[in-house]
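Here the structure is laid out as structure tokens; the discussion comes afterwards.
The values are calculated or read from the model by the stated rules, or taken from the named source; none is laboratory data. Source: prediction; values computed, not measured. Cβ placement follows ideal geometry from the backbone for every residue including glycine, while neighbour counts extend to all protein chains displayed. Accessible surface is based on the protein model in full, side chains and every heavy atom, while ligands, DNA and RNA are left aside. Shrake-Rupley method; radii C 1.70, N 1.55, O 1.52, S 1.80 Å.
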Amino acid sequence: MIIDHKRYITLSLILVTSIFITSCSLSSSDEASKANNETLASLVNDSSSQQEKSDSKLKVQLLTRQQRTDKLVKIYRSILTLEPSKQVRAQIQHRMVQLDIEQYEKNETLENTEILTQLVSKYQDLLSTYPNRSENEEIQYELAKTYDLLGNGKASILTLESLLSNYPKTKSYAELHFRLAELYYNLQQYPLAYKAYQTVLVAENNENYHLNSLYMSGWSLFKLNRLSEADKNFIAVLNQIVKVNSPTTVEVKKRWSNSGFDYVSASHKSLAADTQRVLSISLSQQQQVKSLVELLNQQQALQTNTVAFEHVLFKNLADFLVEKGLEHDAILTYQAYLDYAPNTVWAAKFSLVLIDLYKQKNQFSKIDAIKDRFVDYYGLTSHFWHHANEDDRRLVLPHLSEFSLVKGRRLYAFAQELENDKERIDAFGETVLWLKKYLNLVEFSNKQKAKQKQDIAQKPNLATQEYFLYADANFEAQQHETALNVYKMLAYSPLYFKQQEVNANETDDSASLASESLSLEYIRKESAYASIVTNNELLMPFTLNANQENKKEQVLDKKHQQLLVERQQLTDLFIEHYHSDRRATLVAVKAAEYAFEQNNIDDVIRYSNFVLKTYQVNSLLAVKSQKQNIAKLDKIALKQVAIV
């Protein structure tokens, strides 16, 4: 039997290669699977008899990666010198190029221009020599990548376009268009880049490239100065990030209501930050906050997740404008948000930012307007308050207290300076409203403290100073019933009456904002006397309207009687608790007069004795038995006796 020695040697080398690859699999199974390709395997099967003879002479060795590569290259070159079939030759040449690349990557020399040029030449040789191989799709991709590394973007583009033309149904369709778009963008071919990115967005299996294509579509439009269109892409990117990181509506509200994009994954954090930045730049080059509001209104119609981070976009734009020295435009941005979403916690926060910005510009009238608005929009009766969570309420509560108290005190001082009666009454009426807002907040805070039973050290804020101002303001506004109730509370309520001094736990609002710190003793005493004066004001209409119709007179008589009883009670309380006050004798004299008018001789004697005792005059107790003689005295004479 005559053997073709050339073929025998070829098959033997292939067999050696196959066995060598198998041995190498002990250290790298991936390498073996690549080398043992389909065509080589079929040749090895044809030479099974030669393999059996050679197996006993070969020893399996464990080799290093470098040794394995060197041996593979040597074997591949030996095979090529034996002129194998065209298909095998193509596979071996392609594999040798891959091994070269691996070696370059290991040595970190892949970016060397000379090496990259050599790779280009090898890829081109493979494509020209074997134009119809299915593996050419991969080779063309590698060639395009190598051109890109060489900085030859145009050649890379032509290669990718050729690849897509030759393999229109490639599984890498989305990736190839993305790479093509990147090359166009780097060459500043923005229309072509935008078109390629849009192709990626509608391609199948585009998951790995969709978000970046959306982002770069925005950048392409931005470069083309199609800014409003670019903004839609940028906000779509942010919407997508929100959706990916918070798949449910509950999570969206929970995560983004306060912290913006703090909750996004690490892989999205940089993209989110870059997108926000370029969106702010784009808006600043248009109509600034007006463009932002228009954009967000469009998003609302699309029912996107934009509502979760709208406040972030306003803040980003304002911060960018401040950074560029455009504080006025930043102020307009914050003000626009207050109109856009007035009942949100971020509107409250931005109100505080506006106050700081106005302070820097000494625009105090605008500060006052913002504070007034704050109390109206975020107070206890507001839409915000009824829908806010506990954290948001705690955030605004101290500011509500401060703003309402400052406003109330300022109005009180202003009203005191007015001389026109009507203007004075109206001014005190407005003062009452603002002080009442503050006192309602105090009452709410005290209830919250009472619920926290574990914190026994927390005492209620009595707001003594403010209640006293509130009572005075009501009196001046001719709201006498309210004034009387507050005066009585301050003078005789156990909560105040048993206190030794101004409550030490009263908030800083009360202590620091008070123009004069009045002692609790002073407030109690003045309130006690004011309650008598206020009672007299309430009695005055009954005296003036003595000749009313019977029906109305009966109703008035009932209230009249209640006020008379209350007057005597208040008089007795004042004399009892503040008998050393110089006004106590005046109150007693007046009470004696009232008692005489009612023919109440016992009270006349009691009040007279107090006056006489105060002035260290002999008591009139002995006169009590001489009622007939006292009765003979006329009214003026009795008054004189009482005063003496």
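Taken over the range 331-351, the criterion of being open to solvent by 50 Å² or more (accessible area, probe 1.4 Å) and aliphatic (A, V, I, L, M) is satisfied by Leu332 alone.
Can you name every residue in the range 315-369 that is in contact with an Asp or Glu (Cβ under 6 Å, 6 or more places away or on another chain) and modelled with pLDDT of 95 or more?
In the first step, residues of the range 315-369 are kept if they are in contact with an Asp or Glu (Cβ under 6 Å, 6 or more places away or on another chain); the result is 321, 345.
Hit for the range 315-369 is Leu321, nothing else.
If you filter the range 217-243 down to residues that are of a type in the set (A, V, I, L, M, F, W, C) and closer than 12 Å to Ala272 by Cα, you find that the one that is modelled with the lowest pLDDT is Val242.
Cβ separations smaller than 7 Å between residues 6+ apart or across chains give the following pairs from the range 106-125 residues that are within 13 Å of Glu142 (Cα to Cα) to residues that are open to solvent by 70 Å² or more (accessible area, probe 1.4 Å) and modelled with pLDDT of 65 or more: Leu116/Leu149.
Do any helices (runs of 4 or more DSSP H) entirely within the range 111-206 hold 2 or more residues that are among the hydroxyl-bearing types (Ser, Thr, Tyr) and farther than 20 Å from Ser220 by Cα, and if so, which?
On the way: elements: 113-129, 136-150, 153-166, 173-186, 190-202.
Because the criterion is at least 2 residues that are among the hydroxyl-bearing types (Ser, Thr, Tyr) and farther than 20 Å from Ser220 by Cα, the helices (runs of 4 or more DSSP H) in the range 111-206 that meet it are 113-129, 136-150, 153-166.
A quick yes/no check of all residues on (1) of a type in the set (A, V, I, L, M); (2) modelled with pLDDT under 95; (3) surrounded by 15 or more Cβ atoms within 10 Å (Cβ to Cβ):
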{"position": "Tyr470", "(1), (2), (3)": "no, no, yes"}
{"position": "Glu476", "(1), (2), (3)": "no, no, yes"}
{"position": "Gln479", "(1), (2), (3)": "no, no, yes"}
{"position": "Asn485", "(1), (2), (3)": "no, no, no"}
{"position": "Leu495", "(1), (2), (3)": "yes, yes, no"}
{"position": "Glu501", "(1), (2), (3)": "no, yes, no"}
{"position": "Thr507", "(1), (2), (3)": "no, yes, yes"}
{"position": "Ser510", "(1), (2), (3)": "no, yes, yes"}
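Need the failing condition index for Val307 against (1) in contact (Cβ under 8 Å) with a residue 12 or more places away in the chain; (2) surrounded by 16 or more Cβ atoms within 10 Å (Cβ to Cβ), just the number. The number of the failed condition is (1).
Meeting the requirement of 1 or more residues that are at pLDDT 80 or above and touching an Asp or Glu at 6+ places or on another chain (Cβ under 9 Å), the helices (runs of 4 or more DSSP H) wholly within the range 578-644 are 583-597, 601-614.
Are any residues in the range 265-291 of a type in the set (Val, Ile, Thr) and open to solvent by less than 10 Å² (accessible area, probe 1.4 Å), and if so, which ones?
Looking only at the range 265-291, we keep the residues that are of a type in the set (Val, Ile, Thr), and these are 275, 278, 281, 289.
Of everything in the range 265-291, those that are of a type in the set (Val, Ile, Thr) and open to solvent by less than 10 Å² (accessible area, probe 1.4 Å) turn out to be Thr275, Val278.
Residues of the range 362-378 that are within 20 Å of Glu443 (Cα to Cα) and surrounded by 18 or more Cβ atoms within 10 Å (Cβ to Cβ): Phe374, Val375, Tyr377, Tyr378.
Okay, residues lined up against (1) surrounded by fewer than 22 Cβ atoms within 10 Å (Cβ to Cβ); (2) in contact (Cβ under 8 Å) with a residue 12 or more places away in the chain; (3) over 19 Å from Leu400 (Cα atoms):
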site	(1), (2), (3)
Val293	yes, yes, yes
Asn297	yes, no, yes
Gln303	yes, no, yes
His311	no, yes, yes
Glu323	yes, no, yes
Asp329	yes, yes, yes
Val353	yes, yes, no
Asp356	yes, no, no
Gln360	yes, yes, yes
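Condition first: at pLDDT 65 or above, under 49 Å from the mean Cα position of the chain (by Cα), assigned to a helix (DSSP H, G or I) and aromatic (Phe, Trp, Tyr). Can you find one or more residues in the range 520-529 that meet it? Looking for residues that are at pLDDT 65 or above, under 49 Å from the mean Cα position of the chain (by Cα), assigned to a helix (DSSP H, G or I) and aromatic (Phe, Trp, Tyr), one finds at least one in the range 520-529, hence yes.
Any residue at all in the range 179-186 that's touching an Asp or Glu at 6+ places or on another chain (Cβ under 6 Å) and open to solvent by 40 Å² or more (accessible area, probe 1.4 Å)? Walk me through it before giving the result.
Just the residues of the range 179-186 that are touching an Asp or Glu at 6+ places or on another chain (Cβ under 6 Å), to begin with: none.
No; the residues of the range 179-186 include none that is touching an Asp or Glu at 6+ places or on another chain (Cβ under 6 Å) and open to solvent by 40 Å² or more (accessible area, probe 1.4 Å).
Consider the range 170-216 and keep the residues that are more than 37 Å from the chain's Cα centre (by Cα) and hydroxyl-bearing (Ser, Thr, Tyr). The one that is farthest from Ala273 (Cα to Cα) is Thr170.
List pairs: first in the range 145-169 and open to solvent by 30 Å² or more (accessible area, probe 1.4 Å), second modelled with pLDDT under 90 and among the acidic types (Asp, Glu), Cβ under 7 Å, 6+ apart or cross-chain? Once the first residue is open to solvent by 30 Å² or more (accessible area, probe 1.4 Å) and sits in the range 145-169, its partners that are modelled with pLDDT under 90 and among the acidic types (Asp, Glu) give Leu149/Glu111; Tyr167/Glu137. Restricted to the range 278-370, the set of helices (runs of 4 or more DSSP H) holding at least 2 residues that are among the basic types (Lys, Arg) comprises 345-360.
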